[in-house]
Amino acid sequence: MFRITSPLVVLLLVAFSPSASGEKANMSPEQLRETATHVITGTVSRVYQRGEKRNDWQYTHYVAEVRVKDVEKGDAIAPDRPLYARYWKRRWIGKTIVPLSTSGHRGLPAEGDTLRIYLARDAYDGFTRGNDDGGFNVIGANGFETLPKVTAE
């Protein structure tokens, strides 16, 4: 019978196993709706992005231009008008082990996607409390909910 007793083998197994990244947990639909100042449905017209390196992280910042179909929560949003929703992701580019941290938003939208989007305006967005510039930040790591595509008849 084969038995692993060598500390070197254990060290190799640990070194080459996937590292934990400490991802931010998904919020439930109820938590998303409660945290959001605005909830909309709409179709993504365009996605804009820019990258930046900050310390040992490579950030990608996004803005989705969304044609609003319906406003489920919040005010001062007109249906059939564009809304600009901000979100981000990042990846570790450092030379050390990835620290426990989040990589940002998940389930990122593409042009043509129909979504329900949970947004924060001048309020906590699931990541930071400093969102006070009047823009719309997507809530938490999972603030995009994919909806069935609307087909023209």
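The values are calculated or read from the model by the stated rules, or taken from the named source; none is laboratory data. None of these values were measured; they are calculated from a predicted model. Please note: Cβ atoms are built from the backbone with ideal geometry, for glycine as well, and neighbour counts cover all protein chains shown.
For the stretch 100-151, residues that are without any contact (Cβ under 8 Å) to a residue 60 or more places away in the chain and among the polar types (S, T, N, Q) total 5. Every condition in (1) in a loop (DSSP other than H, G, I, E, B); (2) within 25 Å of Asn26 (Cβ to Cβ); (3) of a type in the set (S, T, N, Q); (4) without any contact (Cβ under 8 Å) to a residue 60 or more places away in the chain is met by Thr96 except one, and the failing one is (2).
Per-residue answers, yes or no, for (1) at pLDDT 95 or above; (2) assigned to a loop (DSSP other than H, G, I, E, B); (3) buried (at least 24 other Cβ atoms within 10 Å of the Cβ); (4) on the phi > 0 side of the Ramachandran plot:
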| site | (1), (2), (3), (4) |
| --- | --- |
| Leu108 | yes, yes, no, no |
| Glu111 | yes, yes, no, no |
| Tyr124 | no, yes, no, no |
| Phe127 | no, yes, no, no |
| Asn131 | no, yes, no, no |
| Asn137 | yes, no, yes, no |
| Glu145 | yes, no, no, no |
| Pro148 | no, yes, no, no |
| Thr151 | no, yes, no, no |
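Output the residues belonging to the stretch 47-93 that are part of a loop (DSSP other than H, G, I, E, B), of a type in the set (A, V, I, L, M) and within 18 Å of Val138 (Cβ to Cβ). Once the filter is applied, which keeps residues that are part of a loop (DSSP other than H, G, I, E, B), of a type in the set (A, V, I, L, M) and within 18 Å of Val138 (Cβ to Cβ), the stretch 47-93 yields Ala76, Ile77.
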